[in-house]
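Notes to accompany the following structure.
The values are calculated or read from the model by the stated rules, or taken from the named source; none is laboratory data. The model shown is predicted, which means the values in this text are computed figures rather than measured ones. Every residue, glycine as well, gets a Cβ built from its backbone with ideal geometry; the counts of neighbours run over all protein chains shown. Keep in mind that these areas ignore ligands, DNA and RNA; they rest on the heavy atoms of the full protein, side chains included. Shrake-Rupley method; radii C 1.70, N 1.55, O 1.52, S 1.80 Å.
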Amino acid sequence: MTSSDRSQAVDVQRSYEIRTYGCQMNVHDSERLSGLLEDAGYVRAPEGADGDADVVVFNTCAVRENADNKLYGNLGRLAPMKTRRPGMQIAVGGCLAQKDRDTIVTRAPWVDVVFGTHNIGKLPVLLERARVQEEAQVEIAESLEAFPSTLPTRRESAYAAWVSISVGCNNTCTFCIVPALRGKEKDRRPGDILAEIETLVAEGVSEITLLGQNVNAYGSDIGDREAFSKLLRACGKIEGLERVRFTSPHPRDFTDDVIAAMAETPNVMPQLHMPLQSGSDTVLKAMRRSYRQERFLGIIDKVRAAIPHAAISTDIIVGFPGETEEDFEQTMHTVREARFANAFTFQYSKRPGTPAATMDGQIPKQVVQARYERLVALQEEISWDENKKQVGRTLEVMVAEGEGRKDGATHRLSGRASDNRLVHFSKPDEEVRPGDVVTVEITYAAPHHLLAEGPVASVRRTRAGDAWQKRQEARTGRPAGVMLGLPKIGVPEPLPAAAAPACGLG
């Protein structure tokens, strides 16, 4: 976009809305899309705009069987709104756009722009071209044009941030279409990653989540098998960086040097999300997962030996094609042995374009549902038992924005312990801001959260809290008050959470 075009965009102050579907990678990409649009002069539409914006961008996911129906249903609801609003534009990006390409404008000819996972940086240019030429612009790149970290970013949180260390995936899991849509793994240089983290910390961020489709395979593209553990240790040397997390690893690449780095680096949190997918060796082979049950449980044992208080979560697919009752019982056995703090449990659904979608032995829906309910019941019991072990412990909790939906009614605040467990605690008399840290004693445990019903032992005001307050004052033009039940904006989704990530990370 030329400087005159940008000036025109600034003068007009066109608004935008981004609707994000799918995994953490898409959430992070949407931060980039927001940054690109604001750099081009657009302003964000108010919360709840529901299509009442000059530009509506869909950042799509393709891993669900009905992902396209959901997209076209939403596009259909916008069609009459676009007719009534001259100049409104609609853009579709993400994995479904990478897969369907020209099909989108054929089925929804009122769409103005279609772009893929490799060229998100082109969005402002494509919108302008569509406006000038008055015709849809479809541009899908076959390989990454620029690493997303080089693009402008509108980060949703002042105190927590995603940092992408790689894009793409070299695995060939039969249930996952992501590698076909995001390409082979491409790693960032370690110096670039650390420079981004240091910049974020200087801006007030105190928690970062290292992000990759297969995060602990980092280094395969740059020829260093220990690059990920070295990166974790390097993060430990960044002054002011209090919490480091990462998602999602793969058991195949989870080596002893990574476990040692986690245990020996104080700001790497005692939390691990390790996708299991199935406990059956037969099903794991059909999934093209390169580990077996014994290897998986061996990793869990090593992590617990090195980090006794680690909270471990997982992903599990129920009803994969060919799964027998014996196979499912092996998954139940693995869950009992691993004792996950929480699990994202999925009923298998066909992902168009994946080998599993055409496999023999598709399981009837009622069988999948019954197995799923048994697994959820078992995991709920284990989660509750594991959380009860936290009662009586004194924990440091980083105050979060919007984690507690009932905070306003209960006069509580919420945040995450170092192991990522959700903690609701009594609101202290003094001001507490998102990013600040409180010390509390756990008095009650539920399957998915902990309560600290007594008085807060201490409040530590942080640079992250200062950054949050500064951002609020810039938005409102007045000093920010006590945080109480504020609506959630795009803070990196904690793992585990009530809803699972939709993309096969890990």
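Pairs exceeding a 19 Å alpha-carbon distance, out of LYS70/LYS99; LYS99/LYS184; LYS406/LYS427; LYS389/LYS427: LYS389/LYS427. A simple spin-label model places the labels of ALA357 and THR324 2.9 nm from each other, with each point 7 Å out along Cα-to-Cβ. Pairs of Cα atoms nearer than 8 Å and 6+ residues apart set the relative contact order; for the stretch 315-425 it is 24 percent.
Along the axis of the charge dipole computed for the stretch 173-312 (Cβ charges of +1 for Lys and Arg, -1 for Asp and Glu, origin at the Cα centre), the listed residues GLY279, PRO266, LEU241 are led at the positive end by GLY279.
Report the relative contact order of the chain, percent, no decimals, based on alpha-carbon pairs under 8 angstrom and at least 6 residues apart. It rounds to 13 percent for the chain. Apply the a/c threshold of 1.5 to the C-alpha gyration tensor of the stretch 330-425 and tell me whether it is rounded, prolate or oblate. Since a/c reaches 1.5 and a/b is larger than b/c, the shape of the stretch 330-425 is classed as prolate.
Per atom type, the chain shows carbon and sulfur on 49% of its accessible surface, probed at 1.4 Å. In terms of its C-alpha gyration tensor, the chain has an oblate overall shape, because the principal axis ratio a/c (a ≥ b ≥ c, square roots of the eigenvalues) is not below 1.5 and a/b does not outweigh b/c. Charge tally for PRO46 (other residues, Cβ to Cβ under 11 Å; Lys, Arg +1; Asp, Glu -1): -3. In this simple spin-label approximation, HIS411 and LYS285 carry label points 7 Å from Cα along the Cα→Cβ vector, and these lie 6.2 nm apart. Between the residues GLN133, LEU194, GLN366, the greatest Cα displacement towards the positive end of the dipole of the chain, with unit charges on the Cβ of Lys, Arg, Asp and Glu, is found for GLN133.
The simple Förster model, with R0 at 45 Å and r as the Cβ-Cβ distance, assigns THR255 and SER143 a FRET efficiency of 0.95.
Summing charges over all other residues whose Cβ lies under 11 Å from the Cβ of THR255, with Lys and Arg as +1 and Asp and Glu as -1, gives -1.
Using a Förster distance of 35 angstrom, determine the FRET efficiency expected from the C-beta separation of VAL367 and ALA446, and round it to 0.05.
Here the calculated transfer efficiency is 0.70.
Every helix of 4 or more DSSP H residues in the chain counts as -39500 (n - 2.57), and over all residues that averages to -11000 deg cm²/dmol at 222 nm. What separates the Cα centres of the stretch 78-125 and the stretch 197-224 is a distance of 31 Å.
Per residue, the stretch 227-359 exposes 36 Å² of accessible surface when a 1.4 Å probe is rolled over the protein heavy atoms with every protein chain present. Sorting 36-46, 357-367 by their mean Cβ neighbour count within 10 Å, with the most densely packed peptide first, gives 36-46, 357-367.
Within the stretch 195-246, which GluC sites (Glu not before Pro) sit in a loop by DSSP and count at most 16 neighbouring Cβ atoms inside 10 Å? For GluC sites (Glu not before Pro) across the stretch 195-246 that sit outside H, G, I, E and B with at most 16 neighbouring Cβ atoms in 10 Å, the list reads GLU203, GLU226, GLU239.
Protein heavy-atom accessible surface, 1.4 Å probe, per residue over the stretch 52-169: 38 Å².
For the chain, hydrophobic long helices are taken as DSSP H runs at least 24 Å long by C-alpha position along their axis with mean Kyte-Doolittle hydropathy of -1.0 or more; these are 67-84, 365-388.
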